[in-house]
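Please read the structure below before turning to the comments.
Bear in mind that the values in this text are calculations on the coordinates, not laboratory data. All figures in this text were calculated on a predicted structure; none of them were measured in a lab. As a convention, Cβ positions derive from the backbone with ideal geometry for all residues, glycine included, and neighbour counts pool all protein chains shown.
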Amino acid sequence: MKCDMKTSTQLEKDLYAIDNTLLVRAGETINKKLLNKIAGLAGKIRYVPIKETRLEKDLIKSFNDTRYVNILYPPEINLKVINYINHIKIPEKIMFELEHMKEISPYTYHHIMIIAILAGKISFDHSIRYKYSPDKAILLSLFHDIGKSRIPLSILDKRTPVTQEERRILTTHPLIGYVLLHYYFGKDHKKYDFSSFQHHERLDGSGYPLGIKKANKYSQLIGVVDTLDALISERPYRSTPYSLRAAIDLLLEEADKGRFNKSLVRTLIIYSRRETPGTKIIIGQRGRDSAPADNSYGKTATS
């Protein structure tokens, strides 16, 4: 783990796992030595199937989200995604984490469900630059925002732009998730923890927490669909969401700036045009739809 992070390597509050195991003390520097120690605390990991759980039901229910009626199409692909879901097993303690998230922040929980099925759906597309495994795309998406469960609700639910200090706290959630996944996966953490740690990195180095230019391919996938859902969702700080067209325009602009994988954004465009599948994509006439008037997405309060 590098030391030149854009966010602090220390947390202001003690960090506990869902089973109340103390992982990091407030002010303690999070480094490789500490992370290895945390991974060693886990002992034998108990994996449980998603099939026939409330998590499975919530994932399947998310296919009915009307905002994604075009993208989550055709039904045959959705059934394939569900089949992969039914074969996934996760650490039992992460199942408890997701149940806790559903209780304290239903919006964030639903967001995680949506990202998981979107990532699973897109992973079936063979035109993307990288080849993705649907089960891994779904699995990693389920963990990407696990750190938000430790961010104060006064920040997550704030109806006005966050202050600089609040934004700093908010941007610690990838690091928190990174630490939690070291504990929940133990010695297997290297296969999974980047899903939390890198999903806010951008290919031009403008992301966080490390500001790296080459994020893992699954983190790139999660980052694109994560941004899309953030834009077209109602949020406490924005009563009117972006339209799908305006959101994709913004993603295209970000891809042109070298921040997102353009092939992933193009795939979203293809899926959003289910009435004309297979047609050649011509990207042009930007700005057909504008951002909501009350938008404060990505903005920081000046006072």
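Okay, here's what the table says:
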item: Choice from E254, E28, E52 showing the highest fluctuation, given a GNM over the chain with Cα pairs closer than 10 Å; result: E52
item: Inter-part distance where the stretch 119-161 and the stretch 15-44 are each reduced to a Cα centre, Å; result: 23 Å
item: Linear extension gain, T240 paired with R167, 0.36 nm per residue minus alpha-carbon span; result: 24.1 nm
item: ³J(HN,Hα), Karplus 6.51/-1.76/1.60, whole Hz, each residue of the stretch 114-124, x for Gly, Pro; result: 5, 4, 4, 6, 5, 4, x, 5, 5, 5, 7
item: Net lengthening on full extension, K214/K44 (0.36 nm per residue, minus Cα-Cα); result: 58.0 nm
item: Hz values of 3J(HN,Hα) by residue in the stretch 251-258 - Karplus curve (6.51, -1.76, 1.60), Gly and Pro given as x; result: 4, 5, 4, 5, 5, 4, 7, x
item: Relative compactness, the stretch 119-177, computed as alpha-carbon Rg over 2.2 N^0.38 Å; result: 1.52
item: Relative contact order of the stretch 1-140, defined on C-alpha pairs under 8 angstrom at six or more residues apart (%); result: 21 percent
item: Cα gyration tensor shape for the stretch 185-230, rounded if a/c is under 1.5, else prolate or oblate; result: oblate
item: The chain, relative contact order in percent, only Cα pairs under 8 angstrom and at least six apart counted; result: 19 percent
item: Over the stretch 23-65, volume per residue of the alpha carbon convex hull, in Å³; result: 144 Å³
item: Label-point separation in nm, F96 to K51, each point 7 Å along Cα→Cβ; result: 2.5 nm
item: Cα-based helix-to-principal-axis angle, 217-232 vs the chain, degrees rounded to 10; result: 70 degrees
item: Gaussian network model of the chain, Cα within-10 Å springs - most flexible of D125, D256, D145; result: D256
item: Neighbour-count ranking [beta-carbon atoms within 10 angstrom, fewest first] of I112, I232, I85; result: I232, I85, I112
item: Using θ = phi - 60° and Karplus 6.51 cos²θ - 1.76 cosθ + 1.60, couplings along the stretch 34-46 (whole Hz; Gly, Pro as x); result: 5, 4, 5, 5, 4, 4, x, 6, 5, x, 6, 8, 9
item: Contour minus Cα-Cα distance for K190 and D204 (0.36 nm per residue); result: 2.6 nm
